[in-house]
1. Can you give the calculated 222 nm mean residue ellipticity of the chain, where each DSSP H run of n ≥ 4 adds -39,500 (n - 2.57) and the sum is split over every residue, rounded to the nearest 500 deg cm²/dmol?
2. Packing-wise, with mean Cβ within 10 Å as the measure, how do 20-28, 77-85 rank, highest first?
3. So how far, in whole Å, is the C-alpha centre of the stretch 16-46 from the one of the stretch 66-90?
4. May I ask for the Rg/Rh ratio of the chain, computed from Cα atoms with Rh as the Kirkwood radius, given to two decimals?
5. Rounded to the nearest 20 debye, what is the charge dipole size of the stretch 4-89 about its Cα centre when +1 sits on each Lys and Arg Cβ and -1 on each Asp and Glu Cβ?
6. Contact order normalised by length for the stretch 3-90, with contacts defined as Cα pairs under 8 Å and 6 or more residues apart; what percent is it?
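Only the coordinates and a few stated rules stand behind these numbers; no lab work does. On a predicted model such as this, the values are computed, not experimentally measured, just so you know. Reconstructed Cβ throughout: ideal geometry from the backbone, glycine too, with neighbour counts over all protein chains shown.
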Amino acid sequence: MATFENAVAEWTDTINAWYNLDASTEEVTKAFNNLKEYRDAQDEPDDIPYVETFFHGLGKLPSGDPIWRTMLDTVDREMLASLVETARRE
């Protein structure tokens, strides 16, 4: 059962393994928040919110928080890596 922090740690390991970024969890958290903000702006009113794709159908932790997916699909992995790199150039 993954909390958001556990999921971010896994995502960080994944993009570091794929892209040799040596990204920190703080950078990946910021990248995720930027990606969520961008995707939220693109959603149509009837769409399932983008962020819910990361925990939809997995249930809840005892605290009531959602269980997060730790696996990234290709598009999300590439986007997070790209956003980390973009933030480093700014």
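1. Result for the chain: -18500 deg cm²/dmol, rounded to the nearest 500.
2. Ranked from most to least packed, the peptides come out as 77-85, 20-28.
3. 4
4. 0.98
5. Charge dipole of the stretch 4-89: 220 debye, to the nearest 20.
6. 42
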